[in-house]
Each structure stands twice: as structure tokens, then as C-alpha cells.
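The values are calculated or read from the model by the stated rules, or taken from the named source; none is laboratory data. This is a predicted model, so every value here is computed, not measured. Heads up, the Cβs are rebuilt from the backbone with ideal geometry, glycines too, and the neighbour counts pull from every protein chain shown.
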Amino acid sequence: MLVHALTGFVDAGQAGQLAVAHLLTNLDHRVVATFDVDQLLDYRSRRPAMTFDEDRWASYEQPKLVLYEVQDCGGTTFLLLTGPEPDLLWERFSDAVRELVERFAVGLTVGLGAAPMAVPHTRPSAVTAHATRRELISGYHRWFNTMQMPGHAGALVELRLGEAGHDAMGFVVHVPHYLARTEYPESARGLLEHLARSSGLNLPVEALQPAAQRVLAEVNEQIARSPESMSVVARLEDQFDAVTGGPDRRPLAALDAEALPTGDEIAAEFEAFLAGLDGSAEG
């Protein structure tokens, strides 16, 4: 199995980064391949950090796009591709991933992502599941109708793998939009939970629970201080329950627009809230 989680597109709540870091921290792994990032990245659009120490350049955070071999908690081996999303040569990158899939006899490729959505933090993490064959995600709710959006390298990899006859799928966890700019471990936990469920891998999902509960407690404390924020969350709860609570569930795109808080309302209610979270994170 191959899991890929690339940074640089949309990673709301840093869910993908947190999930990958959690796996590499808690599971045995080794590097099996690397990509030449000098050919793939536009450094002027995403400038790597360098440290200047008084009168000299002391260090450079070199970008790395790496394929790891990882062992899950039960000793099962899988591959994990992680690092910055290529800015250039997407087709050649997709071909390279396909060659790795065929060289290592990968039976299933799974992509991980996170997007800001109009969902409340008080409900279980939901995901949008997508796949090259509907059978791979038969138990998942369809949230959207046909739509066009900006592409990303991970999506192209899945598309090209499907065209080549390989099974590929992915999960995009729905992160509350008012938490999209801060670390949100609950969404990372949700990603790993769905990854484990779909793949059969034995992953340390619940080890993320303490961090998730701590952040949720901080969020609840912040919201409790603002009646306006509580009102917005309540409206998001009603919307979420309308979509997921009954047998006649509708796609999110089919909801009455009047049921959704406007962008101005969300910005007004949570500007101070986000600033408070950012301040606590920095501290």
C-alpha cells in the first residue's frame, strides 16, 4: 500500500502534516527513495527558511520529498510519500509515482488532505472520499455534485493511476473553517481513522486523542466567551445535522443558501477568536 500526503496546496488545520508527523514519530520507518526537489519546486514562490546567526548563514531547511517504508503497529509494511507538492513537472512526477507503484507491487494508493468547510467542531470529523472506482468508497456519503476546482499534484496522481488501471483513493477531512489556520489534531486523527478503516492498517490513531481533546477544550473555552460565536456554531450544527442526520440526506451543495452563515458573518464572529488561538499557539 502507498499513502501520500503532500504539503503546499490546502492543508487546513495542518491535518495532513500532523498525521504524517504522528506516523513517523510512532512507527518504525526507513527512506527508500527521494525526489530531486531542485527540478520540482519554485523556490521563489515557497522560499525555504534559512537561519542567519549574527554574521553568517548558519543553516538551511532543505525541502525533501521522500518515500518511506513504514511498519504499522502489527508489523505490516506500507509506503508513505510525503513532502512539498511539486510546483513543476506534474506529469513526470505522476509517471514517477506510477513507476514506484508498479515496482513495489502496490495494490492500493491512498491520498490524504484537509479542506476548510462550514462544519462545527462539536461533531465527528467528516471526510470527502474519492476513488478511481466507486466500489473502493461504497460506504461513504457523497457530499458534492459535479464541480470544477483548482487541481493539485496528488489529485493528478490519483487520476493517472486510475487511467493506468491501478486502484487509488483519497480522503479530504472537513476542518471547521474557523480553525483552518491553527493546528487541529482532531482532523489529523480523523484522517488516520479513515485511512486505517479503508486499508486495514494498524495505526496509532488513538495516540492523537490527548492532543485533540486539549485543543477542543481550548476551542470550547474561547467560544463560551462569545454569545455571537456560540450562535454561529449552533447554526453550523443545525446544517451538519440536516445533511448527516436522516435517511434523505442531501449533498452539501444542495443546502439552502439561507441556512449558511455568510462570509462576512463568519469573519466578524471569529476574527478575535482566531487571533486568540494564534496567540495561545505562539505562547
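Could you check, for region 73-94, whether at least one of its residues is at positive phi and not small (G, A, S)?
The first filter runs over region 73-94 and keeps only residues at positive phi, leaving 75, 83, 89.
Checking the rest, the ones that are also not small (G, A, S) come to 89.
Looking for residues that are at positive phi and not small (G, A, S), one finds at least one in region 73-94, hence yes.
The set of residues in region 47-83 that are within 26 Å of the chain's Cα centre (by Cα) and among the polar types (S, T, N, Q) comprises Q62, Q71, T76, T77, T82.
Give me the pairs: first residue in region 102-122 and without any contact (Cβ under 8 Å) to a residue 12 or more places away in the chain and under 16 Å from V219 (Cβ atoms), second residue in a strand (DSSP E or B) and of a type outside the set (D, E, K, R), beta-carbon distance under 7 Å, and six or more apart or on different chains, which are they? As it stands, the answer is none, since no pair meets every condition given. Can you work out which of the residues in region 118-139 that are within 16 Å of the chain's Cα centre (by Cα) and of a type in the set (S, T, N, Q) is farthest from G165 (Cα to Cα)? Result: S125.
Looking for something assigned to a helix (DSSP H, G or I), farther than 20 Å from Q17 by Cα and among the small types (G, A, S) - is there at least one such residue anywhere in region 165-185? Working first, answer last.
Here is the first cut: in region 165-185, the residues assigned to a helix (DSSP H, G or I) are 177-179, 185.
Those still in the list that are farther than 20 Å from Q17 by Cα too: none.
There is no residue in region 165-185 that is assigned to a helix (DSSP H, G or I), farther than 20 Å from Q17 by Cα and among the small types (G, A, S).
Does L79 meet the test of being within 29 Å of D42 (Cβ to Cβ), in contact (Cβ under 8 Å) with a residue 24 or more places away in the chain and part of a loop (DSSP other than H, G, I, E, B)? Reasoning before the result, please.
Values: within 29 Å of D42 (Cβ to Cβ): yes; in contact (Cβ under 8 Å) with a residue 24 or more places away in the chain: yes; part of a loop (DSSP other than H, G, I, E, B): no.
For L79, the condition - within 29 Å of D42 (Cβ to Cβ), in contact (Cβ under 8 Å) with a residue 24 or more places away in the chain and part of a loop (DSSP other than H, G, I, E, B) - is not met.
The lone criterion from (1) buried (at least 17 other Cβ atoms within 10 Å of the Cβ); (2) more than 14 Å from the chain's Cα centre (by Cα); (3) part of a loop (DSSP other than H, G, I, E, B) left unmet by Q222 is number (3). Among the residues of region 133-164, the one identified as in a helix (DSSP H, G or I), of a type in the set (K, R) and free of Cβ contacts under 8 Å to residues at least 60 places away in the same chain is R134.
Residues in region 111-132 that are modelled with pLDDT of 90 or more, touching a Gly at 6+ places or on another chain (Cβ under 6 Å) and either of a type in the set (A, V, I, L, M) or in a loop (DSSP other than H, G, I, E, B) (or both): L112, A114, T132. Looking across region 86-103, the residues that are over 21 Å from the mean Cα position of the chain (by Cα), closer than 23 Å to R44 by Cα and either of a type in the set (G, A, S) or not in a helix (DSSP H, G or I) (or both) come down to L88, L89. Restricted to region 1-57, the set of strands (runs of 3 or more DSSP E) holding at least 1 residues that are loosely packed, with under 10 Cβ neighbours inside 10 Å comprises 29-34, 50-53. Set side by side, the residues A217, A207, A211 differ, and just one is at pLDDT 90 or above and touching an Asp or Glu at 6+ places or on another chain (Cβ under 9 Å), which is A211. Pairing each residue of region 212-229 that is within 17 Å of R181 (Cβ to Cβ) with any residue that is aliphatic (A, V, I, L, M), provided the two are 6+ apart or on different chains, yields C-beta distances under 8 Å for E218/L277; V219/L179; V219/L277; Q222/L277; I223/M230; I223/V233; S229/I223.
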